[in-house]
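Report on the structure given below.
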Amino acid sequence: MPSFILASQSPRRKTLLEWAEIPFEIIVSDIDESYPSSLAIEEVPVYIAKNKALAVKEIILSTKPALVNQCIIAADTVVVLGQTIIGKPTNKQEAIESLLSLSGQTHKVITGVVLLHQGQEISFSETTLVEFHVLTAEQIEFYVDKYKPYDKAGGYAIQEWIGVVGIKKITGDFYNVMGLPVSKLVQTIKQLDIS
């Protein structure tokens, strides 16, 4: 039986855990991803990740009690430009506007991670700086039309075309920008008392 439950439907997080050879299965819960306006931006992804983890814990307790001793891993990623969170676009125009705002700028990608295991709770966040080249309107429209990045914070995925041609510099963990700082996660798992 897997030792971990991934509380995420993100295919990128699934891939990263597989690359790290962490045994897991996926259980997700649709949660409200809103957050208190008083929360500091750096705390937002940890807050949302914790809510994801707690929601999945409730599912396990009520419908999958055999998994109650598994460690839950939840994560949430936000893209921050200045003091503004650039969320997931819901349509083509929002995606274009997001990328126009990031063009030629440096932004932060912050992923919050929460681990729940038998009463233990460990949370952390990782921040990576990403600098885009100036993007042309044609580049942005091509990317949005072809890749439809509507499920992605900031309206882009670093491992797709836009990351290959549009990103000038990355300072920090590349995989954090994909959605999971997997190296830090592996180090953090070692802190858990997993029996």
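Listing for the model above:
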| read-out | value |
| --- | --- |
| Top-ranked residue in segment 32-42 [being surrounded by fewer than 16 Cβ atoms within 10 Å (Cβ to Cβ) and in contact with a Phe, Trp or Tyr (Cβ under 9 Å, 6 or more places away or on another chain); ranked as nearest to L61 (Cα to Cα)] | P36 |
| Residues of segment 1-33 satisfying the condition of being under 12 Å from the mean Cα position of the chain (by Cα) and either over 20 Å from T188 (Cα atoms) or hydroxyl-bearing (S, T, Y) (or both) | S8, Q9, S10, P11 |
| Filtered residues of segment 95-125 (kept if surrounded by fewer than 23 Cβ atoms within 10 Å (Cβ to Cβ), over 30 Å from V186 (Cβ atoms) and in contact with a helix residue (DSSP H, G or I) (Cβ under 7 Å, 6 or more places away or on another chain)) | I96, L100 |
| D173 touching a strand residue (DSSP E or B) at 6+ places or on another chain (Cβ under 9 Å) and at pLDDT below 95 | no |
| Any hit, segment 148-170, residues being at pLDDT 95 or above, aromatic (F, W, Y), surrounded by fewer than 20 Cβ atoms within 10 Å (Cβ to Cβ) and more than 18 Å from the chain's Cα centre (by Cα) | yes |
| Residue satisfying all of: in segment 173-195; part of a loop (DSSP other than H, G, I, E, B) and touching a residue at least 60 places away in the same chain (Cβ under 8 Å); farthest from the chain's Cα centre (by Cα) among these | S195 |
| Unmet requirement for S29, which otherwise passes all of (1) touching an Asp or Glu at 6+ places or on another chain (Cβ under 8 Å); (2) surrounded by 18 or more Cβ atoms within 10 Å (Cβ to Cβ) | (2) |
| Evaluation of G154 against (1) within 28 Å of N69 (Cα to Cα); (2) touching a Leu at 6+ places or on another chain (Cβ under 9 Å) (one fails), failing number | (1) |
| Test for G166: is it of a type in the set (G, A, S), within 21 Å of I72 (Cβ to Cβ) and in contact with a strand residue (DSSP E or B) (Cβ under 8 Å, 6 or more places away or on another chain) | no |
| Residue that is modelled with the highest pLDDT [pool: residues in segment 1-20 that are exposed (fewer than 14 other Cβ atoms within 10 Å of the Cβ) and out of contact with any strand residue (DSSP E or B) (no Cβ under 9 Å at 6 or more places or on another chain)] | W19 |
| Matching residues in segment 68-87 - criterion: being modelled with pLDDT of 95 or more, surrounded by fewer than 21 Cβ atoms within 10 Å (Cβ to Cβ) and either aliphatic (A, V, I, L, M) or touching a Lys or Arg at 6+ places or on another chain (Cβ under 9 Å) (or both) | V80, L81, I85 |
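The values are calculated or read from the model by the stated rules, or taken from the named source; none is laboratory data. Treat the numbers as computed from the prediction; the structure is a model and nothing was measured. Glycine also receives a Cβ, built like all others from the backbone with ideal geometry; neighbour counts cover every protein chain displayed.
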